[in-house]
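One structure below.
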2 protein chains.
Amino acid sequence: MQPTLNQKFKINYQYPVVFSRYIFELPNQILKNTLMQLAPSAAKVLVFLDHNVDRAHPHLRNKMQAYFEIHCPHIQLITQTITGGEPIKNERKHLFHLLSKIDQQHLDRHSLIFAIGGGAVLDAVGFAAAIAHRGIPIVRFPTTVLSQNDSGVGVKNSFNDFGKKNFLGTFAPPLAVINDSTFLETLDERDWRSGISEAVKVALIKDAAFYEALVHNAEAINNRNLDAMEEIIHRCADLHVAHIGLGGDPFEKGSSRPLDFGHWAAHKIEHLSNYQIRHGEAVATGIAIDCIYAHKIGKLSGEFLQAVLNLLKNYGFQLFHPELLPHKEEWKLWEGLEEFREHLGGELTILLIKGPGKPEEVHDIQKEVLLAAIKYLQAWEGEKPETKMLINNHAS
Amino acid sequence: MQPTLNQKFKINYQYPVVFSRYIFELPNQILKNTLMQLAPSAAKVLVFLDHNVDRAHPHLRNKMQAYFEIHCPHIQLITQTITGGEPIKNERKHLFHLLSKIDQQHLDRHSLIFAIGGGAVLDAVGFAAAIAHRGIPIVRFPTTVLSQNDSGVGVKNSFNDFGKKNFLGTFAPPLAVINDSTFLETLDERDWRSGISEAVKVALIKDAAFYEALVHNAEAINNRNLDAMEEIIHRCADLHVAHIGLGGDPFEKGSSRPLDFGHWAAHKIEHLSNYQIRHGEAVATGIAIDCIYAHKIGKLSGEFLQAVLNLLKNYGFQLFHPELLPHKEEWKLWEGLEEFREHLGGELTILLIKGPGKPEEVHDIQKEVLLAAIKYLQAWEGEKPETKMLINNHAS
């Protein structure tokens, strides 16, 4: 019999996450320099532009065109506006629309794709880019707080199918990520606020000092102070990038997913609300549920639980939703636990916290305790007016 | 402004290519040991079985079931027969059928997928496995000469879309490859023969000694000697695996694709024949065209060109097809050159040879010379009877 052949090789992945303002203004040469360094032979860029961003920044397309004419005259720039928000991830026709544009424009592996939009746009465009010609390099321009501090700086893309969030996707590090904070100025209140929950999440599991900073910055953020927001985004993105690069499992072969704290419930809530509740908002609820649960099983102090709930409330999140409760014989949220396990694979692994920066994994969630936690959240938020005062005292 | 974050990490890839016979017979413990080592916690295996293989091996399903009951009782085995051959790669409904089975069986990232079939089945199932839950581990069981010595041992998967072969796909190394040569015994003449062209290809570009072995083994192969075939497959797979692992560009970031010798024309011929001409057969024609072209521009001796054409002929390949010629104003084959460049990306890079094991890249193909090469092939094959005698002398 012929002997076994053993294939073995390694791939090095590397990309910068750049922070800037007014990235397409002519005096700003960051993008030009990034492309010169990372894709010197690129001859074509296909920009997929979230139509909400296009509407909020009506001069953006002209500015991009002018920028490339002056700084990168060797590159042909093609811009295509696309559906924004979660809908783009929900229907196959959107995926094949993206792929058809890649086909029609004759992109090849030495072309570039730019994705300009929120997390859902980055996910869907990233997935299309990853599977066309086995991977066309992509530069991500996240335009929301959530995507600038979390998903947009990571290594994943995704698409919803078979009624399951992120059922499809690949691990595909981008060529570069450009975080331009001027995109944040035009966000509505909900999008400005909602990305903060990922910062609260990563602070709670990794960094007590960052948690304190979030407590003290609440007022500045609520007043839409861009400097304060940039600092929070940078610290959050830094923790996220470090976790992927140094955590030992960038492509998530194991069952443990520390960055998914608060996410098992969040995924289900988004789906149950038909994506009317945004990801960041759902994560805030997910964090609240998991903290109450941790308290109820004796891992988290009552005092710290109140502090976390108040912090989330103070950032403006509505935490309880009626969909969280069982309805007749059916408890959808509970089903979400098994779906989460299935998506991760292997043993159920849920991260809880014992305090800020003190994570602990559990492999079992008790149904009765979870139900009690949901009812606790409902009651707690029912007393909102007093709570709100409490928070203001706390945050000042 | 916040400082740039630099993400950097590496991923180690590793997989065995195992050679055996009667892999699902109880005394053969290779598969059991491979799974114990590489996927000790797997609880579920979804087998996608090429229906042609199912028909040719009517006891296979029962044998698999018995094998798992005895050797891997902790694993649930589910078998699903699927369309075989290129059609499975051609229609989206087939892709979503595979994905729906993965969904219905609640596979997760710690489950396994087995793909049992020829190259097209491995490509399509591999693509579905790579994008479901961002990658479910796959064990490939190639059942044709072509897939055992070439595509099945590599790192790619693919799917045809927008009228272009392999427009979709990813780089996704398998968990393991199991080359069971007993599958080859039931192949029809065309499939037995057609994979040899990839061996001729890799020998011509990398290994003069292997080329000589192919000349001397032609008779044994034509007599369906399984030992001789196993040896050829092993040498070919070894060269293929080594090229990917040691060539410095396993995920093909560059424009150079040495293993695609003879393939630019092959891809187009397959498509023009509506996949009636099989990949291996098309590669034989592609090798012939590129060798004639290399001879016409003075790179390859007339003597060696005759030897290569005779070798391919002696393995039973029909080399000329009328679709290769221009038709009225249109020359489809010529268009295939640009499509090939686009799929690879960057500059057109075609590998030619100056002799066995002596490759040379060119970046330009002359239209008139190419046309003359096609006409040469037509004339050469028109004189088949005498040629055939020539070969027999040469091969003996």
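The values are calculated or read from the model by the stated rules, or taken from the named source; none is laboratory data. On a predicted model such as this, the values are computed, not experimentally measured, just so you know. So basically every Cβ, Gly included, is an ideal-geometry build from the backbone, and we count neighbours across all protein chains shown.
Things worth noting here:
- Odd one out for A:F96 among (1) of a type in the set (F, W, Y); (2) assigned to a strand (DSSP E or B); (3) within 11 Å of another protein chain (Cβ to nearest Cβ): (2)
- Breaking point among (1) crowded, with 17+ Cβ neighbours inside 10 Å; (2) at pLDDT 95 or above; (3) acidic (D, E), for B:E339: (2)
- Helices (runs of 4 or more DSSP H) (entirely within segment B:222-309) containing at least 3 residues that are within 14 Å of chain A (Cβ to nearest Cβ) and hydrophobic (A, V, I, L, M, F, W, C): B:226-246
- Meets criteria (touching a helix residue (DSSP H, G or I) at 6+ places or on another chain (Cβ under 7 Å), touching a residue at least 24 places away in the same chain (Cβ under 8 Å) and within 14 Å of chain B (Cβ to nearest Cβ)) for A:A43: no
- Test: residue in segment A:283-306 that is touching a His at 6+ places or on another chain (Cβ under 9 Å) and aromatic (F, W, Y): yes
- Some residue of segment A:102-124 being in a helix (DSSP H, G or I), without any contact (Cβ under 8 Å) to a residue 40 or more places away in the chain and surrounded by fewer than 24 Cβ atoms within 10 Å (Cβ to Cβ): yes
- Residue tally, condition part of a strand (DSSP E or B), out of contact with any helix residue (DSSP H, G or I) (no Cβ under 6 Å at 6 or more places or on another chain) and crowded, with 23+ Cβ neighbours inside 10 Å, over segment B:160-209: 1
- Scan of segment A:11-40 for residues that are facing chain B (nearest Cβ under 7 Å) and touching a Phe, Trp or Tyr at 6+ places or on another chain (Cβ under 7 Å), ordered by number: A:I11, A:Y13
- Matching option when the condition is assigned to a helix (DSSP H, G or I) and surrounded by 23 or more Cβ atoms within 10 Å (Cβ to Cβ), among B:Q148, B:Q65: B:Q148
- The lone exception for B:S111 - which of (1) closer than 20 Å to B:A199 by Cβ; (2) among the hydroxyl-bearing types (S, T, Y); (3) more than 10 Å from the chain's Cα centre (by Cα) it fails: (1)
- Verdict on A:L184 being more than 9 Å from chain B (Cβ to nearest Cβ) and within 28 Å of A:F24 (Cα to Cα): yes
- The condition (being under 26 Å from the mean Cα position of the chain (by Cα) and of a type in the set (A, V, I, L, M)) is satisfied by just one residue among A:L26, A:L49: A:L49.
Yes/no per residue for (1) within 13 Å of B:V145 (Cβ to Cβ); (2) surrounded by fewer than 17 Cβ atoms within 10 Å (Cβ to Cβ):
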residue	(1), (2)
B:Y211	no, no
B:E219	no, yes
B:R224	yes, yes
B:P250	no, no
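- If you go through segment B:174-196 and keep only what is under 29 Å from B:K32 (Cβ atoms) and either aliphatic (A, V, I, L, M) or touching a strand residue (DSSP E or B) at 6+ places or on another chain (Cβ under 8 Å) (or both), you end up with B:P174, B:L175, B:A176, B:V177, B:I178, B:N179, B:D180, B:S181, B:F183, B:L184, B:L187.
- Count of segment A:213-222 residues, restricted to those that are farther than 12 Å from A:I232 by Cβ and either free of Cβ contacts under 8 Å to residues at least 60 places away in the same chain or touching a Phe, Trp or Tyr at 6+ places or on another chain (Cβ under 8 Å) (or both), is 1.
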